[in-house]
1. In percent, what relative contact order does the chain have, based on Cα pairs under 8 Å that are 6 or more apart in sequence?
2. Roughly speaking, what is the centre-to-centre gap between region 115-129 and region 50-67 when only Cα atoms are used, to the nearest Å?
3. What whole-number distance in Å separates the alpha-carbon centres of region 4-33 and region 144-193?
4. Rounded to the nearest 0.05, what FRET efficiency do E69 and Q140 give with R0 = 25 Å and r taken as the Cβ-Cβ distance? Could you check?
5. Hey, fewest Cβ within 10 Å first, where do R14, R74, R149 land in order?
6. How large is ³J(HN,Hα) for each residue in region 58-64, as worked out from phi by the Karplus curve 6.51 cos²θ - 1.76 cosθ + 1.60 (θ = phi - 60°), to whole Hz, x for Gly and Pro?
7. List the residues, sorted by chain then number, that are 5 or more residues from H137 or on another chain and whose placed amide H is less than 5 Å from its amide H.
8. Report for the chain the percent antiparallel among DSSP-assigned beta bridges with both residues inside it, nearest 5.
Amino acid sequence: MREKKEVPEVTTERLVITLLSPERASQPALYFCENKEFHFPWDPPRPKDFYEVSFWEKQLSKNVQEFYEDKSARFFFSLQKKPDVIVGVCNFTAFQRGPFQCCNLGFSLAAKEEGNGYMQEALVSLIDYVFQELKIHRIQANHLPHNLRSRNLLRRIGFVVEGYAHEYLFINGAWEDHILTSLTNPESADPDF
């Protein structure tokens with residue numbers, strides 16, 4: 001278990017990136033409500049109460065607990081000039097330790113912020129944090145074959161294609177194929193068992 005201290009905050013030239021506390025539950029609820037239609041083609045089915053503040057109070061508490069239990073690191077980011085408005089999400093989940101030292105990456109961006117380079121800025125900083133501070137060796141990210149924005153972003157930041165998975169994930173009412181990609185930390189030390 002990770003030592004209990006303040007949750008991390010990563011800043012970039014334009015962004016503030018952090019795990020949110022339950023007191024800020026209205027912010028992700030608003031972000032997901034405002035972007036529901038935009039995210040729909042790429043998202044798995046959501047719980048009925050996913051867009052409600054009460055859901056996010058519980059979920060944010062769980063996110064912080066999972067961070068301290070070394071299971072995940074679920075980040076939200078905002079513009080420095082508007083720190084109370086969520087514009088994107090970067091989730092590093094399913095931490096596997098031992099000889100694997102791996103996690104999965106998922107991300108989303110507000111529709112109105114698309115094309116500004118915020119996701120690339122956030123991911124470059126967070127990947128450095130996950131590699132250096134959390135000692136992850138391998139990050140896996142998968143995308144729908146027709147999601148060209150995700151494909152191009154992952155390529156730009158160094159992810160390589162490893163394969164094609166048939167009927168990989170249930171998205172938008174159907175089992176969808178996915179392109180499998182990964183990025184490894186070239187500076188990884190031997191895992192500390």
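Laboratory data are not the source of any read-out in this text; all were calculated from the coordinates shown. It should be emphasised that the depicted structure is a prediction, and the values quoted were computed from it without experimental measurement. Heads up, the Cβs are rebuilt from the backbone with ideal geometry, glycines too, and the neighbour counts pull from every protein chain shown.
1. 19
2. Centre-to-centre distance over Cα atoms comes out at 23 Å.
3. Taking the Cα centre of each part, region 4-33 and region 144-193 sit 24 Å apart.
4. 0.80
5. The order, fewest Cβ neighbours first, is R149, R14, R74.
6. For region 58-64, the Karplus-derived couplings read 5, 5, 5, 4, 5, 4, 5 Hz, x marking Gly and Pro.
7. Excluding prolines and chain starts, which carry no amide H, the hits are C102.
8. Details: 35 of 38 bridges.
Once the DSSP bridges in the chain are tallied, antiparallel ones form about 90 percent.
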